[in-house]
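To keep things clear, I will list the structure first and then write my remarks on it.
Please treat every number below as a calculation from the coordinates, not as lab data. Bear in mind that the values here come from a model prediction, so they are computed numbers and not experimental data. When we count neighbours, we look across all protein chains shown, and the Cβ atoms used for this are built from the backbone with ideal geometry, even at glycine.
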Amino acid sequence: MKKIFVLVMAFILAGCGTNHAEQNPEPSGEENTNGGNIEENQKEQADGTEGQTSHENDEPEENGEEEQMEESNEPSRDEPMMSQYYVDGNWSVKPIDGAKEEVVLITIDDAPDKYGLEMAKTLKELDVPAIFFVNGIFIEAGNGREQLKDIYDMGFEIGNHTFSHKKLSELSKEEQYEEIVRVNDLVEEITGERPKFFRAPFGVNTDYSKQVAKDEGMVVMNWSFGYDWNQEYMNEKALADIMVNAKELGNGSNLLMHDREWTFKALDDIVAGLREKGFGFVDPDLIETSREVQEDM
Ligand SMILES: [Zn+2]
């Protein structure tokens, strides 16, 4: 019902000749993969890292294998799992009741575009779980639907990154609602499951978007750090190096990466480097979705 209401509202608003045109200089899926968005993405970093605290433990002592994580990449969606982690106010992943602390969370944004499916295949081969934060514009372009289904069927978590990657703070409530809920409807239609995680474009959340995410039963998360939108790191070597050796890296780091060529090429080395440092990879299925994340802020 809500959806119909919003669609009708959107239709009416468009018909009334509100500044629809002004709000539509949105990059297409194509432009979104190249340098056109660098400036905004840098803002995304600024917003996302605001208020970030330093991590105490940069070098985990243990160097063991992450066997417990390896099994959990298999889809087992019928059985609810006990939560072992939660997302804290700095968007890090924290253990509950003695779960392994030396872990990071892999997240891939702006999918499924050109490299998302290949990145999923690589991560699957490496037994690394991840959240793919998807945009409706990519799902509806080309064979985006099939790619989304394939990524989901490989056992990956599908997160909501809004329909068209607009800055939510510049939209009306109706538009924000549609940007968010339309993606959940679309993802459910294709995979049978509604997203449990929400990441706002550029990390810009509004009080209203947080409420909509909450009403939709989603955990809001920005990220701890990421570099693949900086010119300097748009090559696999530099990116692999910084993702493993960044000063921000610590227990529970929420790693932001994108559906990009250099990130795809760097994935193997990033995973190997993080494993070498003793980090495991959190299975998003084990992250609690009921906790009030905003309370910690
Ligand atoms: Zn994004």
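Relative contact order, percent, of the range 149-199 when contacts are C-alpha pairs under 8 Å separated by at least 6 residues?
49
Take the alpha carbon gyration tensor of the range 125-239, find the square roots of its eigenvalues, order them as a ≥ b ≥ c, and report rounded if a/c is under 1.5; if not, report prolate when a/b exceeds b/c, else oblate. In terms of gyration-tensor shape, oblate. Can you tell me how the range 177-229 classifies by the Cα gyration tensor, rounded, prolate or oblate, using a/c under 1.5 as the rounded cut? Taking the square roots of the gyration eigenvalues as a ≥ b ≥ c, the range 177-229 is oblate.
For the range 174-297, a Kirkwood radius taken over Cα pairs fed into Stokes-Einstein (37 °C, viscosity 0.692 mPa s) yields D = 201 µm²/s. Dipole check for the range 153-199: with +1 at the C-beta of Lys and Arg, -1 at the C-beta of Asp and Glu, and the Cα centre as origin, the magnitude is about 240 Debye. Overall form of the range 120-159: prolate. Here a/c, set by the Cα gyration tensor axes a ≥ b ≥ c, is 1.5 or more, and a/b is the larger of a/b and b/c. Sorting 247-258, 267-278 by their mean Cβ neighbour count within 10 Å, with the most densely packed peptide first, gives 247-258, 267-278. Placing +1 on the Cβ of every Lys and Arg and -1 on the Cβ of every Asp and Glu, with nothing else charged, gives the range 222-291 a dipole about its Cα centre of roughly 180 debye.
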